[in-house]
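First comes the structure, then the notes that go with it.
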Amino acid sequence: MARGRRMLVASLLVVGIVVSTPTAVSAHAQLESSSPSPSAVLESGPSEIVLDFNEPIVSIPRSIEIYDQAGNRLILGEALVSDDDDSVMSAEGVPDLPDGVYAVVYRALSGDGHVVEGAYTFQVGTSGSDVNPTDLLNGVLDGSAGPSGLSWAMGIARWLAYAGVAVFLGGLALMAGGGIAARRAVRCIQLAWVAALVGTAAVFVLQGPYSVAGKWSDSWKTSLWSDVADTRLGSAILLRVALLVVLASLVVALRGSFHRASTSWWRSSVGLAGVGVIATFSASGHPSASRLAGIAVGVDVVHMSAVVLWLGGLSIVVFGSVLNSPHAATVVARFSRVSAWAIPIAVVTGVWQMWHLVPELSNITETDWGKGLLIKGSLVVGAVTLGSFGRWLVRRSDDEGLRRIVAVELAVGVLVFATTAGMVAKSPEVLSESTVIELTLVDGDMIADLAVTPGRVGFNELHLTISTPSGSLQPVETVEMRMTLPDSEIPTVSVPVEMLGPNHFVGSVSILYAGMWNVEILVNPDPSSSKRFTADVSIAP
């Protein structure tokens, strides 16, 4: 009963802390706006390409490229991140572009090491083109996914890093509690350290070809290592390697006298370095990219620490000959008490992470991250059930039954880490792709061609071209635009309009809410007449 009350108090305490904070959303970086904008029609070619993202990014070789309508790559200046705003990247030196359709392809690194990539088209000149923009984009993007098998290799490396760190730190935690003296247990801890180091190093070097969609040989390019090191992920990996070396030196310092592991200085040193290692995962993953990054990273550290004490310690109990040692009863009882606290904390903090990272729980099955989360949750429920049954067997002193239960529980834990490794590269949000909304509006003998890009919440551009069937329209003097979200309390939004050329206008507006917006366009061909166009435009989240 006392243990149950402690578990309940711990769970309620964690729930109280985390639920008292408001939710936030985390996702990979996305392109918010660009110059030229998607589907823009320009009188003449731009002198530079400017891309504005929703979070800081790091440029890599060939971060911005331009292709002509035949699919040929044009020579462009190096892409650089702005000194004043590290979420803006630009490339100068755009060559003179004759009339035609062009594709801009971009690829950069977000702070957490994930690749930000995409492409869009724009047109120079108002004459029509036989080139299908979609076919052009498909052509220039073909084969840009990087070497075959890279995603699998990175997934295995992440799993090796997660599992290695869990077993290594879980073993050190048991060692600090005393009673761990078997050579097999120590060997397991040493092998786990090697796995953690190898997995971490592999993630670092594989980031090179992943970043530039290059070849396997790019893994050994030191210039790409430098680019990776400039990201949060790269910095975290280098710090993790350093801390793993520190922890290895602390193990060596025992010189085989494992009773020294129970001294306060050794426990404190291992505890601080161990939390630091765990923090390198949290500080370079999805929690670090949220608007509540400080709280989210802290909760994730608590979550992973609980998992380490639970599954990492369980691994040593199973493979470290603990159950056959003279101190088996003491060590297993201690581990049972620790897991009784760690499991509910891991579950509660995991639930908070889901609430924090998923904008709409109803959309959780629409992303690979959400599907992975559901699988992980099911596995954790199974592991918790097995753990509860295992503690019942401990009280009954059923050693044989306990061995079978903990072996199955550990197998489930391996799948939990595998699922976690796969989720790292996925976004928890349903990412709205940029879509160009194109409409043709007619009023009498005047034709208005309207293009809204990217057609989702955030910064949008409204390109308007005025023409007549005969092509004899005189230059329009003024154009006004406004947008309204019907059946809402949102006031009418006035859209500032600029003239790009004769009868070619662009409006810029930040749209904060998704829904079916009504666009109203007032055109004044001369001081004594006016035309009014209206259209409904669906803005995606």
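Couple of notes before you dig in:
- Qualifying position, being at pLDDT 85 or above and closer than 17 Å to Gly214 by Cβ, among Tyr102, Tyr106: Tyr106
- Hits in the range 78-109 (condition: acidic (Asp, Glu) and surrounded by 12 or more Cβ atoms within 10 Å (Cβ to Cβ)): Glu78, Asp86, Glu92, Asp99
- Residue check for Phe459: outside any loop (DSSP other than H, G, I, E, B), at pLDDT 75 or above and under 32 Å from the mean Cα position of the chain (by Cα): yes
- Of all residues in the range 31-54, those satisfying the criterion of being of a type in the set (S, T, N, Q), at pLDDT 75 or above and part of a loop (DSSP other than H, G, I, E, B) are Ser37, Ser44, Ser47, Asn54.
- Enumeration of residues in the range 196-234 that are touching a strand residue (DSSP E or B) at 6+ places or on another chain (Cβ under 9 Å), part of a helix (DSSP H, G or I) and of a type in the set (Ser, Thr, Tyr): Tyr210, Ser211
- Positions within the range 189-227 being polar (S, T, N, Q) and at pLDDT below 80, in sequence order: Ser211
- Subset of the range 518-541 (residues that are touching a strand residue (DSSP E or B) at 6+ places or on another chain (Cβ under 6 Å) and of a type in the set (Asp, Glu)): Glu520, Asp536
- Residues satisfying the stated conditions in the range 523-541, i.e. exposed (fewer than 15 other Cβ atoms within 10 Å of the Cβ) and more than 32 Å from the chain's Cα centre (by Cα): Asn524, Asp526, Pro527, Ser528, Ser529, Ser530, Arg532, Thr534, Asp536
- Looking across the range 489-522, the residues that are within 19 Å of Arg456 (Cα to Cα), over 33 Å from the mean Cα position of the chain (by Cα) and of a type outside the set (A, V, I, L, M, F, W, C) come down to Pro491, Thr492, Ser494, Pro496, Asn518, Glu520.
- Residue within the range 251-259 that is surrounded by 16 or more Cβ atoms within 10 Å (Cβ to Cβ) and either within 24 Å of Val198 (Cα to Cα) or modelled with pLDDT of 85 or more (or both) present: yes
- Selection within the range 190-230 - β-branched (Val, Ile, Thr) and surrounded by 23 or more Cβ atoms within 10 Å (Cβ to Cβ): Thr200, Val203, Val228
- Unique residue being more than 16 Å from Tyr120 (Cα to Cα), in the same structural domain as Ser44 (by TED's automatic domain parsing), of a type in the set (Val, Ile, Thr) and touching a Lys or Arg at 6+ places or on another chain (Cβ under 9 Å) when the list is Ile66, Ile60: Ile60
- Filtered residue count, the range 242-283, keeping only those that are assigned to a helix (DSSP H, G or I) and farther than 17 Å from Ala166 by Cβ: 18
- Residue check, Ser90 at pLDDT 85 or above, under 30 Å from Ala283 (Cα atoms) and in a strand (DSSP E or B): yes
- Here is the figure for the range 465-489: residues that are at pLDDT below 85 and surrounded by 15 or more Cβ atoms within 10 Å (Cβ to Cβ) total 5.
- Here Ala70 passes the criteria (1) at pLDDT below 80; (2) small (Gly, Ala, Ser); (3) assigned to a loop (DSSP other than H, G, I, E, B) except the one numbered (1).
The values are calculated or read from the model by the stated rules, or taken from the named source; none is laboratory data. These numbers come from a predicted model, not from an experiment. All Cβ positions, glycine included, derive from the backbone under ideal geometry; neighbour counts span all protein chains shown.
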